[in-house]
There are 2 protein chains.
Amino acid sequence: MPAPEKSREKSSLKKTIPTLGIIAGGGIVPQLLLHACDKAGQDVFVIAFEGQTDPEILKNRPSMLTRIGAAGQIIRTLRSRDIKDLVFIGSVRRPGLVGLKPDLRTAQFFTRVGLRAMGDDTLLKAVRHELEKEGFTIHGVQEFVDDLVAVAGQVGRLAPKKQDWPDIERGLAVAQTLGQLDVGQSVIIQDGIVLGVEAAEGTDELIKRCRLYQRHGSRGALLVKTCKPQQDRDFDLPSIGVETVRMCAENGVSGIVIQAGRSLLINPQDVASLADHHKIFVIALDPESRGHDQ
Amino acid sequence: MPAPEKSREKSSLKKTIPTLGIIAGGGIVPQLLLHACDKAGQDVFVIAFEGQTDPEILKNRPSMLTRIGAAGQIIRTLRSRDIKDLVFIGSVRRPGLVGLKPDLRTAQFFTRVGLRAMGDDTLLKAVRHELEKEGFTIHGVQEFVDDLVAVAGQVGRLAPKKQDWPDIERGLAVAQTLGQLDVGQSVIIQDGIVLGVEAAEGTDELIKRCRLYQRHGSRGALLVKTCKPQQDRDFDLPSIGVETVRMCAENGVSGIVIQAGRSLLINPQDVASLADHHKIFVIALDPESRGHDQ
């Protein structure tokens, strides 16, 4: 059951740390964590990436703006400020070999772990291991703010109909299998047919292109987005927000299914009212107690 | 090892039947079967679908042009001509409920098997079962012409390099798992990262959109296309041809991997010379004896 909307919307910091190093990717999730830190008086230092992180969040905050390939510089800066605790938050696009412009430290890392034939999970595990070897502790954002993480239950006024459940179940099964293969997290499904599967393109592109493959005459397709089973929860959780709902509304998607406890639900009140407006259901399912009795 | 090019290119009919009913979808594969039939003096009757089958193949041949939803009419026509043996060949796009315009027979079929929550494999199995109940025999195209089916070995002059094999192995594993889930057949992979996975969009669209997600600075991506493990081989085998190679060349794909014995390789000589021209390797791997010693 969802917690009352009020308490889901409010951000309160659960844990405090002398200075929290926030490795901030793109999207608005870093903003939400920073607001929670500001309110709680938590000292932060933000590492932002050129062309990825919204520069707005650096204003009035100690920060550095750099490249993903600047691992040596990042580690030296964190050390000089005596920062030992890190949170990774927001989406990061992998640069190509040319865009990476690795410094010596980054190049050594890639030489050691091997750049080729490495999926996202393997890469993130290697980055984590590397940072832990250097004495850093990696925290999940859920250790600090838990009202970002989706709780089980329906988000707006609409619930899935009985005839949606076979698609929901099949969508979850396909998404989880793809996740295990470290391919992607999201699936678009309609009437038992998987219209599209997310790999490198991201959820928004998936939603857009699947519009072409929907059939008319039945209800719209469903978006099912789950966390990879083996995914490091401290690094990156799948997230949805108002933009996801808007994209679904524009492209004939009539329901959104996410995983309770393992997804970020950004601004749940806004998501709920926009979903209600477009007659889209949004539901977070608990993988441990899944069933039709939500 | 590949058979000599000459014998692969020639089409000779292996099996003859009084009148063979050819249910012809789109693409040029129906044409190739019909040429083989013509050469061997095999009587045929072609069922073609509006907006899908190339109308060119109906010229000078007994045929009917109809809708997918006209099952009753199709069965009556075949009966009246005493046709008992059928081959399904070519790709068929599933119509939506509206485009289907089912006749009574088709509507009864869908009422009985249930239209919703049904993947491609389930649907094809049901169609096959239905036709067999009516006394028809379904044959695979490979029973008639075997030089359409890819034999193990490399098709052009280029072979995969040592560093391609991890991607080939991972691509095969992902494609087979997706096939088991009845999602799709093809995967685009580069440096261990699955750039895209085919579902409803088809291989050409997959190749095009994945161009956006390739990295520069390494070799191009690979296309791995396999047959779904549980797929009814008599209905539909994945196929590649000159157009696939052209699409790969235009979109930075530098290798094509298909499954020997379970894929159609259309016009192998032309595929080989175009692939050589664009420096793309094309290889058919035997799933039973897979290894690096091709």
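The values are calculated or read from the model by the stated rules, or taken from the named source; none is laboratory data. This structure is a prediction, so every number in the text was calculated from the model and none was measured. Neighbour counts run over all protein chains shown; Cβ positions are idealised from the backbone, glycine included.
Among the residues of segment A:172-212, those that are more than 7 Å from chain B (Cβ to nearest Cβ) and among the polar types (S, T, N, Q) comprise A:Gln176, A:Gln180, A:Gln185, A:Ser186, A:Gln190, A:Thr203. Would you mind stating whether B:Arg170 is in the same structural domain as B:Ile280 (by TED's automatic domain parsing) and either of a type in the set (Lys, Arg) or more than 24 Å from the chain's Cα centre (by Cα) (or both)? Against the criterion (in the same structural domain as B:Ile280 (by TED's automatic domain parsing) and either of a type in the set (Lys, Arg) or more than 24 Å from the chain's Cα centre (by Cα) (or both)), B:Arg170 qualifies.
Residues in segment A:153-171 that are buried (at least 20 other Cβ atoms within 10 Å of the Cβ) and among the aliphatic types (A, V, I, L, M): A:Val155, A:Ile168.
Of everything listed in (1) over 18 Å from B:Glu201 (Cα atoms); (2) in contact (Cβ under 8 Å) with a residue 24 or more places away in the chain; (3) surrounded by fewer than 20 Cβ atoms within 10 Å (Cβ to Cβ), the single unmet condition for A:Gly192 is (1).
Here A:Ala275, A:Ala221 are screened, and the one residue that is assigned by TED's automatic domain parsing to the domain that holds A:Lys162 and over 25 Å from B:Thr122 (Cα atoms) is A:Ala275.
Please tell me if B:Val145 is under 21 Å from B:Val242 (Cα atoms), within 14 Å of chain A (Cβ to nearest Cβ) and not basic (Lys, Arg). So B:Val145 does not fit the description; no. The residues listed here are A:Ala249, A:Ala272, A:Ala284, A:Ala260; of these, the one that is under 23 Å from A:Glu143 (Cα atoms) and modelled with pLDDT of 95 or more is A:Ala284.
Restricting attention to segment B:152-164, the residues that are aliphatic (A, V, I, L, M) and in contact with a Lys or Arg (Cβ under 7 Å, 6 or more places away or on another chain) add up to 1.
Within segment B:102-118, does at least one residue satisfy the condition of being polar (S, T, N, Q) and modelled with pLDDT of 90 or more? Checked against the condition, which is being polar (S, T, N, Q) and modelled with pLDDT of 90 or more, segment B:102-118 yields no hits at all.
Of all the residues in segment A:64-91, those that are more than 19 Å from A:Thr137 (Cα to Cα), outside any loop (DSSP other than H, G, I, E, B) and free of Cβ contacts under 8 Å to residues at least 40 places away in the same chain number 3. Pick from B:Leu148, B:Leu206, B:Leu237, B:Leu195: which is under 26 Å from B:Gln269 (Cβ atoms) and modelled with pLDDT of 90 or more? So the residue among B:Leu148, B:Leu206, B:Leu237, B:Leu195 that is under 26 Å from B:Gln269 (Cβ atoms) and modelled with pLDDT of 90 or more is B:Leu206. Being more than 23 Å from B:Thr16 (Cβ to Cβ), buried (at least 17 other Cβ atoms within 10 Å of the Cβ) and in the same structural domain as B:Thr19 (by TED's automatic domain parsing) is a description that does not apply to B:Gly51.
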